[in-house]
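Trainee: A single structure is presented below for examination.
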Amino acid sequence: MIEGFTLSEDLITFEKGFRSWEDAIIASSQGLLKQGFIEQSYVDSMISSVKEFGPYIVIAPNIAMPHARPEAGSHKVGFAVMLCEEAVSFGETPELQARLLITLSCVNADTHLKMLQELVMVLADEEKFNKILNSKTKEEILSIFN
């Protein structure tokens, strides 16, 4: 799907829920951090950006795509998928709730746009999106994204 990147099981997590959106972003970043895709400064920057600019990372109901500028500490192109049983609240309205967090690691603007286009094509497919939201295993998610 994304040139030079294949989603792997260790970048997919299932969670019950979170008390805050900050905790959700931190949790959704762990696989990328452990594998050297990003640095802690990138995680901090994702949180700061939402505090500064609002919940722009919620791109549609039930979908958030945390990301930061590449220079904040992104080293490799990739993304991690976290599916929450309970929606994470990024704001007061239902449109700002997300069960699916796809945390992006983009090394430049071109890869950022390509990755977004590829992911939006998957997520815009209602059947695939519903499969993702109802997934119980990492294999189910892998089969949709790879």
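The values are calculated or read from the model by the stated rules, or taken from the named source; none is laboratory data. Remember, predicted model here, so these are calculated numbers, not experimental data. So basically every Cβ, Gly included, is an ideal-geometry build from the backbone, and we count neighbours across all protein chains shown. Note: accessible area is taken over every heavy atom of the protein model, side chains too, but ligands, DNA and RNA are not part of it. Shrake-Rupley method; radii C 1.70, N 1.55, O 1.52, S 1.80 Å.
Trainee: Keeping to region 60-103, report how many residues are of a type in the set (A, V, I, L, M) and either over 24 Å from S135 (Cα atoms) or out of contact with any strand residue (DSSP E or B) (no Cβ under 9 Å at 6 or more places or on another chain) (or both). Walk me through how you get there before you give the answer.
Mentor: Restricting attention to region 60-103, the residues satisfying the condition of being of a type in the set (A, V, I, L, M) are 60, 63-65, 68, 72, 77, 80-83, 87-88, 96, 98, 100-102.
The next check asks that each one be either over 24 Å from S135 (Cα atoms) or out of contact with any strand residue (DSSP E or B) (no Cβ under 9 Å at 6 or more places or on another chain) (or both); those that pass are 68, 72, 77.
Residues in region 60-103 being of a type in the set (A, V, I, L, M) and either over 24 Å from S135 (Cα atoms) or out of contact with any strand residue (DSSP E or B) (no Cβ under 9 Å at 6 or more places or on another chain) (or both): 3 in total.
Trainee: Shifting gears a bit: I'd like to check something: does region 130-137 contain any residue that is in contact (Cβ under 8 Å) with a residue 60 or more places away in the chain and closer than 18 Å to Y42 by Cα?
Mentor: Looking for residues that are in contact (Cβ under 8 Å) with a residue 60 or more places away in the chain and closer than 18 Å to Y42 by Cα, one finds none in region 130-137, hence no.
Trainee: Tell me which residues, restricted to region 54-73, are modelled with pLDDT of 95 or more and in a strand (DSSP E or B).
Mentor: Answer for region 54-73, where residues must be modelled with pLDDT of 95 or more and in a strand (DSSP E or B): V58, N62, I63, A64.
Trainee: From the set of residues in region 69-81 that are more than 11 Å from L33 (Cα to Cα) and of a type in the set (D, E, K, R), which is least open to solvent (accessible area, probe 1.4 Å)?
Mentor: Selected residue: E71.
Rundown of residues vs (1) part of a strand (DSSP E or B); (2) among the hydrophobic types (A, V, I, L, M, F, W, C); (3) surrounded by fewer than 18 Cβ atoms within 10 Å (Cβ to Cβ), yes/no style:
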| position | (1), (2), (3) |
| --- | --- |
| L83 | yes, yes, no |
| E86 | yes, no, yes |
| G91 | no, no, yes |
| E95 | no, no, yes |
| A98 | yes, yes, no |
| L101 | yes, yes, no |
| K114 | no, no, yes |
| E118 | no, no, yes |
| M121 | no, yes, yes |
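Trainee: Now for a separate question. Out of (1) open to solvent by less than 10 Å² (accessible area, probe 1.4 Å); (2) in contact with a Pro (Cβ under 7 Å, 6 or more places away or on another chain); (3) not charged (D, E, K, R), the odd one out for V107 is which?
Mentor: Among (1) open to solvent by less than 10 Å² (accessible area, probe 1.4 Å); (2) in contact with a Pro (Cβ under 7 Å, 6 or more places away or on another chain); (3) not charged (D, E, K, R), V107 violates only (1).
Trainee: Tell me, please, whether a residue that is part of a helix (DSSP H, G or I), surrounded by 13 or more Cβ atoms within 10 Å (Cβ to Cβ) and at pLDDT below 95 can be found in region 31-53.
Mentor: no
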